[in-house]
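Undergrad: There's a structure below that I have some questions on.
The values are calculated or read from the model by the stated rules, or taken from the named source; none is laboratory data. Source: prediction; values computed, not measured. For neighbour counting, all protein chains shown are included, and Cβ atoms are generated from backbone atoms with ideal geometry for every residue, glycine included.
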């Protein structure tokens, strides 16, 4: 195995932890049933992320096989979606929850005529 695959896995894992686990190695470690120190060593390069552990991390975080290798199919975002995600990353956890609730309140419940948005209250 070349060093490039280890570097790729480490970079993608860092991004995953930052984006999906609030930049918390401890939260990620709990999700994959590893000690935080183990995750720290993987991220620092002291421990290479081999094939077996990469697949284990993907399975336990419900990611497609090969995601950490950079070979999984990922959706292409529209510019609007990319802008929204960039803005969302800067929100606190509390504000994310408020925005999520607001977005859900704009969609009619199932069985009420489809997915048409509700009219805004005046």
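Undergrad: Taking helices (runs of 4 or more DSSP H) that do not extend beyond region 1-62, which have at least 1 residues that are under 21 Å from residue 92 (Cβ atoms)?
TA: Qualifying helices (runs of 4 or more DSSP H): 3-20, 25-31.
Undergrad: Pull up region 63-81, narrow it to residues that are surrounded by 11 or more Cβ atoms within 10 Å (Cβ to Cβ) and part of a helix (DSSP H, G or I), then point me to the one that is modelled with the lowest pLDDT.
TA: 81
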